[in-house]
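Each reported figure results from applying straightforward, stated rules to the coordinates on display, with no laboratory input. Quick caveat, the model's predicted, so the values are computed rather than measured. Every residue, glycine as well, gets a Cβ built from its backbone with ideal geometry; the counts of neighbours run over all protein chains shown.
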Amino acid sequence: MIRNKYIKRLKERLREKPDSRLFLSLAEELKKDDKLNEAIDVLIGGIRKVPDFDAARLTLGRWYLQSNMLSEAKKEFSEVLRHSPNNIFAIKWLNKINSQLGSQHSNKEQVLHRLNTFLNAIRDRFEDMPDVRPACACLPVLRQTGLHADRDKNSVINRLNKFLEAVKTRFAASPI
């Protein structure tokens, strides 16, 4: 009953401010209430009004991915990358879709471009942190290994895991 009142209140607030980003909260509440189709319709309508709201597109793409609607999910994640080329979630989920579709090899240049974008974003974010600097030093090697990923995929994964472990250690040591 409480959720229904909250959903009703969100709908009222959205009617008062139709161009607000409240539609994402409403959609999430509808999904919690097992109204996935209505939630998706709310997201689609909201995205039409606020097309650069990446969080809504990521949510919609994730729901499509969970429903095995891969082409729809791919469209949403691609649109997020158009607005925000360094969005790690969109890169991750788009690569997951590509591997599920078996198109990773046909889009090798696109995958390599995303890998380079991802590595550059990580380097830019973490290279000035003393605890992470040694891990950043391996990024050029990781990028080079990525160019031959179909030959040496495990090496790329191992290097990424080492890098991510160094980042995790750095953030576990001191609060952000």
Cβ-Cβ under 8 Å, sequence separation 6+ or interchain: first residue in region 81-97 and in contact (Cβ under 8 Å) with a residue 12 or more places away in the chain, partner part of a loop (DSSP other than H, G, I, E, B) and polar (S, T, N, Q). Which pairs? Leu81/Asn87; Ala90/Ser84; Asn95/Gln104
Within the group Lys5, Lys75, Lys32, which residue is of a type in the set (Lys, Arg) and under 30 Å from Ile122 (Cα atoms)? Lys75
Is it true that some residue in region 38-53 is within 14 Å of the chain's Cα centre (by Cα) and either in contact (Cβ under 8 Å) with a residue 12 or more places away in the chain or in a loop (DSSP other than H, G, I, E, B) (or both)? yes
Tell me, please, whether a residue that is assigned to a helix (DSSP H, G or I), more than 18 Å from the chain's Cα centre (by Cα) and surrounded by fewer than 16 Cβ atoms within 10 Å (Cβ to Cβ) can be found in region 22-33. yes
